[in-house]
Amino acid sequence: MTEYDAVLFDNDGVLIEPPAPDTQREATRAAFAEMGIDAVDRRHVLDVVNGVTVERLHEICAAHDLDPDAFWEARERHDERSQLDAFRAGTRDRYDDVAAITDLSQACGVVSNNHHSTVAFVLEFFELRSPFDTHYGREKTVDSLWHKKPNPHYLDRALDDLDAESALYVGDSESDVIAARRAGIDSVFVRRAHCRDVTLAATPTYEADDLHEVAAIVDR
């Protein structure tokens with residue numbers, strides 16, 4: 001008998017390749033340009049790309065005399081478009097080992113810090129909708145930043161959907177490990193190439209090299 005009755009997966013870096021940093025930076029610069037700001041401090045671009053908080057976003061927008069909601073709407077639109085273009089062009093793909101977890105007996109879901117609409121596109125585009133009973137990503141709003149992992153907000157919603165008493169969350173970042181702990185569930189940290197040498201301050205329940213190992217953990 002398996003230990004878990006539900007398994008949740010992060011999207012970027014677990015099911016599909018993460019977005020290229022250059023692409024994310026260009027999308028952010030495009031948003032600034034749309035707002036009439038062509039000369040942008042590199043630190044501001046990096047802060048927007050690398051897990052910006054609501055407070056930091058307001059500081060950056062104040063420095064450029066921008067409305068945070070208007071800027072963020074443009075940034076999210078450019079960011080999503082750049083991601084969908086990469087998927088359609090074949091420059092960003094799903095991982096081959098995803099097949100290892102598509103037939104798990106447990107209820108499964110996807111919980112991501114990416115846009116909800118982007119996650120929905122990914123599941124449809126890569127024919128992954130059927131293995132997952134629920135999926136969550138962020139709304140494309142400033143307020144959604146409050147709910148990003150390590151906040152367990154979307155994990156909690158997925159667990160409610162699946163009516164899960166015991167669950168496992170599979171991620172590729174420290175924030176995933178912390179979010180799982182805050183949601184009261186176990187975690188697996190998958191050491192893909194982009195996070196192979198990461199040192200974690202939070203300890204996951206398990207570590208795995210790929211989704212084949214995750215499937216073995218789930219069905220042990």
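Since every read-out is calculated from the coordinates, none of them should be taken as a lab result. Predicted model, so just to flag it, every value in this text is computed and none were measured. Because the Cβ atoms are built from the backbone with ideal geometry, glycine has one as well, and the counts that use them run over all protein chains shown.
Numbers for the structure displayed
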read-out	value
Approximate shape of the range 21-89 as ellipsoid semi-axes (Cα gyration tensor, √5λ), whole Å, largest first	20, 12, 11
Paired Rg and Dmax values of the range 82-214, which use every Cα atom, in angstrom	14.5, 40
Lys, Arg +1 and Asp, Glu -1 on Cβ, resulting dipole of the chain about Cα centre, debye, nearest 20	440 debye
Ranked 102, 134, criterion: other C-beta atoms within 10 Å, fewest first	102, 134
Nearest-20 debye value, the range 21-89 charge dipole, Cβ charges on Lys, Arg, Asp, Glu	280 debye
Stokes-Einstein translational diffusion, the range 1-148 - Kirkwood Rh over all Cα pairs, 1.002 mPa s, 20 °C, in µm²/s	130 µm²/s
Amide H contacts under 5 Å for residue 187, placed H, 5+ residues apart	169, 205, 206
Placed amide H near residue 16: partners under 5 Å, 5+ positions off or other chain	95
The chain: relative contact order as a whole-number percent, Cα under 8 Å and 6+ apart	26 percent
